[in-house]
Amino acid sequence: MLSLLLRLCEYVFPERHDHKVVRLLSVNDLRSHLNPVTHDDFVFLLPFSEPMIRATIHEAKFYGNEKAWQLLGEILSQYVRHCPEETIIVPIPLSYARAKQRGFNQVEEIARQGLKRQFYNDQTLLSHKLRSDLLYRKRDTAPQTSLPRQERLKNVKDAFGIHDTTDVRGTHIILLDDVATTGATLKAAEASLRPLLPASITLLALAH
């Protein structure tokens, strides 16, 4: 009887394809596609063209899938553990309206999961920090994917501001986004952080 009820529920409420893909994934599946690529000022970790990567990003971004956050967090940790100690991770913020609509910022949640996994081989906790309070969006912007390439930089120009003026002079910053196409969002956010005089800013996208 229970089996019949489950089949009926699956028929009435079919599982999303991307949800099923993520449910069956292991972190080793994603690690097999981990290939950090540096291009101009950017670092990209995973190929967005790979279906399992695309499914994981979509589940993390639009559905708040905690397993997707954990999987991508593990990929992030693989990269961050090689960064200088006390590196600050700054997730690209959502606008107030979009954050209220979704109820979460997937980039922040992925970073949070990644930092949970930060250990050296001797199990010493790294001192990297998440700073979601540093950057904010001054205005709502159209989704970058909805715009032609030449309009994307204009869309996000001057879109970011500094919310917390805590001194980060001389620190290393990783500016993190989930997906980058042209990198316009990351570059616009970087422009807001440069006046704080960090030692370095790495523009990091989980997928490209």
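Do we have residue 30 as closer than 26 Å to residue 185 by Cβ, surrounded by 14 or more Cβ atoms within 10 Å (Cβ to Cβ), in contact (Cβ under 8 Å) with a residue 40 or more places away in the chain and in contact with a helix residue (DSSP H, G or I) (Cβ under 8 Å, 6 or more places away or on another chain) here? In short, yes.
With a cut-off of at least 1 residues that are at pLDDT 90 or above and touching a helix residue (DSSP H, G or I) at 6+ places or on another chain (Cβ under 7 Å), name the helices (runs of 4 or more DSSP H) lying wholly within region 36-145.
Result: 51-62, 66-80, 106-116.
Which residues, taken from region 62-82, are surrounded by fewer than 19 Cβ atoms within 10 Å (Cβ to Cβ) and touching a strand residue (DSSP E or B) at 6+ places or on another chain (Cβ under 7 Å)? 79 - this is the single residue of region 62-82 that is surrounded by fewer than 19 Cβ atoms within 10 Å (Cβ to Cβ) and touching a strand residue (DSSP E or B) at 6+ places or on another chain (Cβ under 7 Å). Given the structure, is residue 97 under 30 Å from residue 196 (Cβ atoms), out of contact with any His (no Cβ under 7 Å at 6 or more places or on another chain) and hydrophobic (A, V, I, L, M, F, W, C)? Yes: the conditions hold for residue 97.
The values are calculated or read from the model by the stated rules, or taken from the named source; none is laboratory data. Small disclaimer: the values here were computed from a predicted structure and weren't measured. FYI the Cβ positions are ideal-geometry reconstructions off the backbone, even for glycines, and counts take in every protein chain you see.
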